Amino acid sequence: LDGQVHPDAAFVDLHRRSDLSGRPGAMDQIFPHELMHIIVKLLAGERPEGRATQVHAIGVQTDRLTALDEGFAEHAQVMAIDDPDAPPDTKALATDIQLRDQARAQFEAYRAALTARWAIATKARMTFPLWFSRGEQVLRYHDVKANLFAHEPQIPARLFTHTSAFDAYLLENVLPGDATGAKKSVARMLATEGVVSALFCRIVTAPAVGNTLADGSFYARFGLSSPPTDPLENAYLKVFAAIHDGGYDTSAVVDAYGRLFPDERASIEAIRRDVLLEQSAAPAAELWLLNDGFQTGTTLFDQFRGLPRPHAFDLNASSHGEMAGVAGLDPQLAAAILADAPYQAVDDLQRVPGMTPQVLASFRAMDAAMRKQSAADTGTASEDTLSFKAVLMPYGWRALWVWLISAGAAAVLYRAVRRVSIWRLVLNGLGAAFVGLIAGWTIDPGNGALAFAVPVLLFGVPGAFIGLWRSRSTRAAMMALAAWMLAALVPFVAVRPMW
């Protein structure tokens with residue numbers, strides 16, 4: 001406030017121009033989200049600094065501390081939409097199929113952009129900061145309720161190489177999982193806030209959890225002279241008590257709940273097994289490594305790594321994408337390492353079939369690098385030092401270079417059909433590329449059709465009529481149209497993901 005940080009102030013500060021309701025991420029959902037952060041802090045104390053180097057998002061795998069804090073806050077957004085007393089326009093979000101399908105189409109376009117063998121400057125990548133936040137808010141409801149983040153997204157195996165590891169990493173952290181996809185490991189689930197959010201949504205709405213306790217002394221701890229009659233209030237008071245005892249660890253919170261309320265232990269364990277897809281709930285010890293040879297962006301918005309950071313990851317919760325980021329590690333050995341987890345120490349990797357001294361040395365070096373770094377240097381506090389200018393600048397430079405290269409290619413193709421002066425050729429190439437790319441990054445549905453059609457309609461068709469009027473020759477008109485069509489192929493190829 002007024003340039004001063006007040007870390008101990010228990011209030012929620014929201015932007016005055018935020019929508020009050022009726023859209024994903026409106027104030028009636030973000031207020032309870034932020035309020036839950038305050039409640040957790042009051043119950044469990046200041047959150048220790050996490051070790052992940054990626055700023056959190058609903059599908060990002062960070063660390064257990066961040067996942068509990070953010071996942072518990074995000075579950076409140078689901079509860080706000082499902083609240084019987086929610087405003088009608090907020091309630092309607094739960095059944096707004098068009099909004100859900102639009103978000104899913106955007107994420108599918110992103111998947112196509114990163115899995116294509118040819119994708120120079122696709123709409124999904126170039127406009128990522130414009131659509132991701134809104135789409136992610138939709139995922140916070142629909143895909144959390146479906147527990148999709150407990151599953152792996154579908155990613156081609158060919159991306160799990162060192163040269164394409166960043167693309168694989170982005171897909172793992174941006175996309176929700178597929179219901180038919182493989183299960184994530186329990187360690188990965190507990191470090192993914194989308195899974196934690198799904199868990200708490202099911203806990204607080206479970207009938208057994210909403211029961212009133214016969215022991216009135218429990219409620220007296222909260223300053224209540226009598227138990228609440230609302231099942232949801234009962235559920236939250238019990239969960240708050242479990243967070244107070246369990247701290248910033250989802251598994252510890254569920255264990256604490258079972259100890260505090262033994263009559264409800266069976267119900268709470270059934271929910272945990274269901275969310276964890278029937279896997280053992282025992283989490284492996286965290287074993288953090290720092291991979292200096294694998295740079296990611298500090299945030300998902302940093303698609304082109306304007307703020308690169310060495311990637312920190314938990315070996316016992318690692319993914320195929322993170323393994324691909326280790327230089328010299330082939331996909332077969334990476335799969336063997338993942339299959340043989342968990343590990344108590346890096347030297348336990350010696351037991352993995354096919355392990356080589358060179359790869360083991362790489363893991364030991366990553367272990368040593370992590371030990372040299374403090375949590376403040378590598379942890380999620382990096383969110384406080386984000387520079388959106390640094391994140392967005394690579395988008396601008398990429399757009400500029402794509403435009404200039406596309407303009408040159410468009411001019412060459414134009415000249416293959418029609419000979420004009422060099423200055424006119426330059427202008428035509430710049431114009432075709434600019435109009436086509438802008439159309440491809442804005443109004444195009446994502447297949448590049450409008451990146452081709454708009455330059456043809458804006459320049460080619462008028463050029464054909466002008467040529468016909470000047471020369472009275474149909475051939476001249478068709479040549480002009482053909483030249484512009486060839487030039488328009490360049491932005492089409494630039495924005496369309498192929499193969």
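The values are calculated or read from the model by the stated rules, or taken from the named source; none is laboratory data. Keep in mind that this is a model prediction, so the values were computed, not measured. All Cβ positions, even for glycine, are placed from backbone atoms using ideal geometry, and neighbour counts span all protein chains on display. Areas reflect the complete protein model, heavy atoms only, side chains present, ligands, DNA and RNA absent. Shrake-Rupley method; radii C 1.70, N 1.55, O 1.52, S 1.80 Å.
Within segment 319-334, the set of residues being among the small types (Gly, Ala, Ser) and assigned to a loop (DSSP other than H, G, I, E, B) comprises Ser319, Gly325, Ala327, Gly328. With respect to Arg117, is the statement that it is touching a Phe, Trp or Tyr at 6+ places or on another chain (Cβ under 6 Å) and open to solvent by 20 Å² or more (accessible area, probe 1.4 Å) true? Here the answer is yes, as Arg117 does meet what is asked. When the residues of segment 319-345 are filtered to those that are of a type in the set (Asp, Glu) and open to solvent by less than 60 Å² (accessible area, probe 1.4 Å), the one that is modelled with the lowest pLDDT is Asp340.
Of the helices (runs of 4 or more DSSP H) contained entirely in segment 202-318, those carrying at least 3 residues that are under 29 Å from the mean Cα position of the chain (by Cα) and surrounded by 18 or more Cβ atoms within 10 Å (Cβ to Cβ) fall at 231-246, 250-260, 265-275. Just one of the listed residues (Phe132, Phe128, Phe149) is under 22 Å from Thr62 (Cα atoms), in contact with a Pro (Cβ under 9 Å, 6 or more places away or on another chain) and modelled with pLDDT of 95 or more, namely Phe149. Of the set (1) at pLDDT below 90; (2) over 21 Å from Leu65 (Cβ atoms); (3) small (Gly, Ala, Ser), all apply to Ala10 but (2).
Filtered by the rule that a residue be in contact (Cβ under 8 Å) with a residue 24 or more places away in the chain, in a helix (DSSP H, G or I), open to solvent by 30 Å² or more (accessible area, probe 1.4 Å) and closer than 29 Å to Ala494 by Cα, segment 125-181 gives Arg125, Pro129, Ser133, Arg134, Ala157, His162, Asp167.
Being in contact (Cβ under 8 Å) with a residue 40 or more places away in the chain, aliphatic (A, V, I, L, M) and farther than 30 Å from Gly247 by Cα holds for only one residue in Leu99, Leu65, and it is Leu99.
Among the residues of segment 182-201, write down those that are part of a strand (DSSP E or B) and within 21 Å of Thr53 (Cα to Cα). Within segment 182-201, just Thr192 meets the criteria. Among residues of segment 406-427 that are within 13 Å of Pro455 (Cβ to Cβ) and at pLDDT 95 or above, those with a Cβ under 9 angstrom from a residue that is part of a loop (DSSP other than H, G, I, E, B) and open to solvent by 60 Å² or more (accessible area, probe 1.4 Å), sequence gap 6+ or separate chain, pair up as Ser406/Ile120.
What number of residues in segment 366-391 are in contact with a helix residue (DSSP H, G or I) (Cβ under 6 Å, 6 or more places away or on another chain) and at pLDDT 85 or above?
So the answer is 1.
Per this entry, Val40 is counted among residues that are over 22 Å from Asn316 (Cβ atoms) and over 23 Å from the mean Cα position of the chain (by Cα). Among the numbered conditions (1) in contact with a helix residue (DSSP H, G or I) (Cβ under 6 Å, 6 or more places away or on another chain); (2) at pLDDT 95 or above; (3) more than 30 Å from Ala285 (Cβ to Cβ); (4) not aliphatic (A, V, I, L, M), the only one that Tyr395 does not meet is (1).
Residue-level check: of (1) modelled with pLDDT of 95 or more; (2) closer than 24 Å to Val55 by Cα, Ala361 misses just (2).
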